[in-house]
Amino acid sequence: MTNMAISVLKEKKAEIEKEIQDKKLLINNLEKGLGEIEGALLNLVEENSKIITDSNSPLSSSKVISQVLKEENNPMDLTEITRRVVEDKNLELKRNAVGAALHRLVKKGLVKRYETKPTTWSIP
């Protein structure tokens, strides 16, 4: 009787270990898939932020954003900057592309970022 119980428990243990292995494999595959999706999304964001990359072009996103900030002469949030770029300057940029351009301008020292709620930017 005990031998039979032991063999049943061993079978159950083997089944549970198999399930654990299957779930580990599934998790590993999901993590790989998520990594690929994340990479693809980062590529899309990068492509969107490079809609206009020629800094000598009069329609360069950085130049237009700088011009909008100079005209206002007050700190502006991302939503307002994006609205002005799209409506006033007729430049088709998405919010994340404007944000990326602002961060590039901050790195170059051309724009100052203020840690307010919401974050605002202006010409120093």
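For the pair Glu31 and Leu78, a Förster radius of 25 Å applied to the C-beta separation gives a FRET efficiency near 0.20, rounded to the nearest 0.05.
Taking θ as phi - 60° and the Karplus parameters 6.51, -1.76 and 1.60, the scalar couplings of the stretch 100-116 work out to 5, 5, 4, 5, 5, 5, 5, 4, 7, x, 8, 9, 9, 9, 10, 7, 10 Hz in sequence order, x denoting glycine and proline. Across the cross-link table entries Lys32/Lys94; Lys63/Lys117; Lys10/Lys32; Lys70/Lys112, which are compared at the Cα atoms, the separations over 22 Å belong to Lys32/Lys94; Lys63/Lys117; Lys10/Lys32. Taking Lys and Arg as +1 and Asp and Glu as -1, the other residues whose beta-carbon sits under 15 Å from that of Glu17 total +2. Here the label points at Tyr114 and Ile20, each 7 Å from Cα along the C-beta direction, are separated by 5.7 nm in the simple model. The relative contact order of the stretch 61-122 comes to 41 percent, based on Cα pairs under 8 Å that sit 6 or more residues apart.
Rule-based calculations on the coordinates, nothing more; no lab input. On a predicted model such as this, the values are computed, not experimentally measured, just so you know. No Cβ is skipped: glycine too gets one built from the backbone with ideal geometry, and neighbour counts run over all protein chains shown.
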